[in-house]
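S.K.: Would you mind keeping the following structure in view while I ask a few things?
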Amino acid sequence: MRQGLTIGEFARLTHLSVRTLRRYHEAGLLEPASVDPMSGYRYYTAGQIPNAQVIHRLRELDLPLADVRRVLATEDPRARSDLIAGHLRRLEDQLDRTRAAVTSLRRLLRPDVARLDVELRSVPARTVAAVGGTVALPDVLSWYAAAMSEVDAAVAGREVLGPPGGRYDNELFTAGRGAVLVYRPVADAPAVGRVRPYTLPAAELAVTVHRGPHDDIDVTYGRLGAWVVEHALAVDGPVSETYVRGPRDDPDPASWRTEIGWPVFRLSPA
């Protein structure tokens, strides 16, 4: 009596190689329906075809083996969806980082020969509505989005005195974790939830404009830093960014403009 589908037949039906099916078996992901004790031949059933294809798709998405096992073991559709959705979010984050790295690398390999426009600017002290916190560098973007949403909600209906901005302590870049402050200049800054009035101190800044999305903003930071060194200006304090035009203003990344402000002071003559 026929025991089932041979591994070769099952491979043809699922479009998976025999080697892949053996690997799934050894990893405990897809056990054959039976194994002949004399020959060691593996046999499968037609009912295992969907599971084999699900495993293949999950592995194509680089879902860890432990998570694949959990997806297969649970009968709760919501739990399965949550596991897969969480992994897809991690893949999307990785794709964003890869895209940013490629953009930055292309710009570095084809450096912009145009002169960098830098303005030395004296910025007076001012009070803003702000959210601050200590953040790990990989979490900055998600933290910024949540914090700025809180600021936007808190200042709704108040007179806006300028574009939003952020301040980033040096430790964020040197140690991978540091103080971050995001804010909006408004009249009569409120205290709501995490949002508090905050007085930005007066500062002398070397300011340049980064054009477009932030995928390669590190290149603009590097060029501004080089300008600071070349013009005998010393650095002291957190860098600032002013989001003159961003996704809230225009969905087209080509139109975005971010001012980078590098704290400086002129060195005394020797």
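The values are calculated or read from the model by the stated rules, or taken from the named source; none is laboratory data. Computed from a prediction, not measured in an experiment: that's the story for all the values here. Heads up, the Cβs are rebuilt from the backbone with ideal geometry, glycines too, and the neighbour counts pull from every protein chain shown.
S.K.: What do you reckon, is Arg107 modelled with pLDDT of 90 or more, under 30 Å from Leu233 (Cα atoms) and surrounded by 13 or more Cβ atoms within 10 Å (Cβ to Cβ)?
M.R.: no
S.K.: Quick one: would you say Ala79 is of a type in the set (Gly, Ala, Ser), at pLDDT below 85 and in a helix (DSSP H, G or I)?
M.R.: Criteria met by Ala79.
S.K.: Could you check the range 111-159 and list, in sequence order, the residues that are within 17 Å of Glu241 (Cβ to Cβ), among the aliphatic types (A, V, I, L, M) and part of a strand (DSSP E or B)?
M.R.: Val123, Val128, Ala129, Ala130, Val131, Val135
S.K.: In addition: Looking at Thr174, Thr199, which one is over 24 Å from Asp249 (Cβ atoms), at pLDDT 95 or above, hydroxyl-bearing (Ser, Thr, Tyr) and assigned by TED's automatic domain parsing to the domain that holds Val239?
M.R.: Going through Thr174, Thr199 in turn, the sole match is Thr199.
S.K.: How many of the residues in the range 217-267 are among the aromatic types (Phe, Trp, Tyr), closer than 19 Å to Asn170 by Cα and crowded, with 16+ Cβ neighbours inside 10 Å?
M.R.: 3
S.K.: Out of the residues in the range 177-190 that are in a strand (DSSP E or B) and of a type outside the set (Gly, Ala, Ser), state the one that is modelled with the lowest pLDDT.
M.R.: Within the range 177-190, the match that is modelled with the lowest pLDDT is Arg177.
S.K.: To continue, here is another question. Which residue out of Arg248, Arg167 is closer than 23 Å to Met148 by Cβ, in a strand (DSSP E or B) and charged (D, E, K, R)?
M.R.: Only one candidate qualifies: Arg167.
S.K.: Only residues that are in contact with a Phe, Trp or Tyr (Cβ under 8 Å, 6 or more places away or on another chain), crowded, with 17+ Cβ neighbours inside 10 Å and in a loop (DSSP other than H, G, I, E, B): list them for the range 17-49, please.
M.R.: The answer is Leu30, Pro32.
S.K.: Quick one: in the range 56-67, of everything that is in contact with a helix residue (DSSP H, G or I) (Cβ under 6 Å, 6 or more places away or on another chain) and in a helix (DSSP H, G or I), which residue is surrounded by the most Cβ atoms within 10 Å (Cβ to Cβ)?
M.R.: By that ranking, first place goes to Leu58.
S.K.: Looking at (1) touching a Pro at 6+ places or on another chain (Cβ under 8 Å); (2) surrounded by 14 or more Cβ atoms within 10 Å (Cβ to Cβ); (3) of a type in the set (A, V, I, L, M, F, W, C), which is the only condition Ala191 fails?
M.R.: For Ala191, the exception is condition (2).
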